[in-house]
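Enquirer: Attaching a single structure in structure tokens format; questions to follow.
The values are calculated or read from the model by the stated rules, or taken from the named source; none is laboratory data. A quick note: this is a predicted structure, and the numbers were derived from the prediction, not measured. We place every Cβ from the backbone using ideal geometry, glycine too, and count neighbours over all the protein chains shown.
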């Protein structure tokens, strides 16, 4: 049994002494007996008890329920109510406070000590959880600051390397040998890979941060999709055929040449990196000359984005873990990557209240589907 310090708040002296004698025999320490709210608060401040036994009816202008609420706010002390009788309204008030139980008068010794044991154990468990959550939050904040500092310190020398490579390329352009050309290409590619890693790590830290929220705003869906297509085509550099398909959920296609204005509420700061990452993967894991399709299917309730490629595909055994940080499919071989992209994408999609799924088979390509629920215009007013 736990050894605990207990404060008794009871205005009937005989009952208070009986409780004190019972609990002392059971191994508890009684730090005081109070008969009103002021005495209870004063003694609690002085003795910091592990638990308070609180009679609901006590002397003074504040009853036990009001006193218990104040004690909990001030010192987070667990409270067990003592009551001989109580009407429904009083019980409802008591239940609304952070109580750890009730003991009816006349009390049974076994019942009282059992309730005290449960209350003290429960309170200690809650304190441990709160402390763990606090430490976890502090660790998360520390990790975010560390990532930000390291990423900044890495990017500065990377930029210097990249600029130096461009200057070298410019000054030796006329007399450049094949070996020099290869070295410059390797420098640019290495810088790009490290820069991608830094970007992914920063994005992951931001996604895991409690400060990142979904903030939808009114956008033109067609224009958003068209811009996404242009960026993807620029990245593909004519090595792939990338097409955009717009259609309503009922299957009716929408002309991209003369599209209607479709106003929806979306957070583009979350969705742009989602689509950019999925398109980058489609390009990275597809052979040059293959086709990649971006589909946007919309209705009044949701928007569905699909990225479909004809790439190497993903083994079934890997698919359940692809959205885990740093995990990469077993068939990527020497294709560069960090294993962070899909983890970040999933967190951004979930921040938007959406979901992401994929279908894939080895050698047959991959289709990733992102479903985002739409916020009604009236809810944004």
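Enquirer: Could you tell me which numbered condition residue 33 fails, if it satisfies all but one of (1) loosely packed, with under 14 Cβ neighbours inside 10 Å; (2) touching a strand residue (DSSP E or B) at 6+ places or on another chain (Cβ under 7 Å); (3) not in a helix (DSSP H, G or I)?
Expert: With respect to (1) loosely packed, with under 14 Cβ neighbours inside 10 Å; (2) touching a strand residue (DSSP E or B) at 6+ places or on another chain (Cβ under 7 Å); (3) not in a helix (DSSP H, G or I), residue 33 is out only on (1).
Enquirer: While we're looking at this one, here's another question. Quick check on this structure: which one of 367, 334 is under 27 Å from residue 240 (Cβ atoms), surrounded by fewer than 18 Cβ atoms within 10 Å (Cβ to Cβ) and touching a residue at least 60 places away in the same chain (Cβ under 8 Å)?
Expert: Answer to the check: 367.
Enquirer: Would you check which residues across region 45-70 are in a helix (DSSP H, G or I), in contact with a strand residue (DSSP E or B) (Cβ under 6 Å, 6 or more places away or on another chain) and farther than 19 Å from residue 105 by Cα and list them?
Expert: 47, the sole residue that qualifies.
Enquirer: Since residue 126 meets every condition but one in (1) in a helix (DSSP H, G or I); (2) in contact with a strand residue (DSSP E or B) (Cβ under 7 Å, 6 or more places away or on another chain); (3) modelled with pLDDT of 80 or more, which condition does it not meet?
Expert: (2)
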